[in-house]
Amino acid sequence: MKLNELSPAEGSTKQRMRIGRGVGSGKGKTGGRGVKGQKARSGVAINGFEGGQMPIYMRLPKRGFTPRGQKTMSWVNLGRVAKAVEAGKLDPSNVTEETLVASGLVRNVRDGVRLLAKGAAPKNLNITVTGASKAAIEAVEKAGGKVTVTGAEKDTAAE
């Protein structure tokens, strides 16, 4: 078999319909556009037009907004960190954002990693993250560990 001998299976492909090529072609004269009216003309775009009724995008309520400088943080819970330490995926003496990604706890760092307090904190955890909740910092310190917050927006408990 050679590349120049390849062809699609019989009946699997069809020639495209060439419109506006004479009455005998099956799509001649008006070219499948019907007769007259706005949609029969060229250069007409009526996206979102619903025949004069109020369009759906105007009927639905609009709420909220996205701030321009908003940070998108990845987050990880203490319980998942504890499970990873038990499984031997993480060394509790030095946990950073890079080691969290390497162990599979966080898929990607985005604008940083934020530590949240759901679950029990592992013993003697030394973790460096961009942000952490007050409850997470308290839980880690209660278990004999230390949280280092590197982010600009530090929580009041981290200072």
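The values are calculated or read from the model by the stated rules, or taken from the named source; none is laboratory data. Just so it is clear, the model here is predicted, and its values are computed rather than measured. Don't worry about glycine lacking a Cβ; one is built from the backbone with ideal geometry, like all the others, and counts go over all protein chains shown. We work out accessible area using only protein heavy atoms, side chains counted, and drop any ligands, DNA or RNA first. Shrake-Rupley method; radii C 1.70, N 1.55, O 1.52, S 1.80 Å.
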- Note on the structure: Residue hits (the stretch 82-98; open to solvent by 40 Å² or more (accessible area, probe 1.4 Å) and part of a loop (DSSP other than H, G, I, E, B)) are Gly88, Lys89, Asp91, Ser93, Asn94
- Message: Checking the structure you have, find out if any residue of the stretch 133-152 is assigned to a strand (DSSP E or B) and either under 23 Å from the mean Cα position of the chain (by Cα) or surrounded by 19 or more Cβ atoms within 10 Å (Cβ to Cβ) (or both).
- Response: yes
- Task: Check Gly119 against each of (1) modelled with pLDDT under 90; (2) touching a helix residue (DSSP H, G or I) at 6+ places or on another chain (Cβ under 6 Å) and name the one condition it does not meet.
- Result: (1)
- Test: Glu98 is more than 27 Å from the chain's Cα centre (by Cα) and not β-branched (Val, Ile, Thr): no
- Message: Can you say whether Asp111 is under 28 Å from the mean Cα position of the chain (by Cα) and among the acidic types (Asp, Glu), as far as the supplied structure shows?
- Response: yes
- Item | Where a residue in the stretch 111-125 is at positive phi and its partner, wherever it lies, is assigned to a strand (DSSP E or B) and among the hydroxyl-bearing types (Ser, Thr, Tyr), with Cβ under 8 Å and at least six apart | Gly112/Ser74
- Right, Gly119: surrounded by fewer than 19 Cβ atoms within 10 Å (Cβ to Cβ) and touching a Gly at 6+ places or on another chain (Cβ under 9 Å) or not? yes
- Among (1) of a type outside the set (D, E, K, R); (2) within 30 Å of Arg114 (Cα to Cα); (3) in contact with a Phe, Trp or Tyr (Cβ under 9 Å, 6 or more places away or on another chain), Asn94 falls short only on (3)
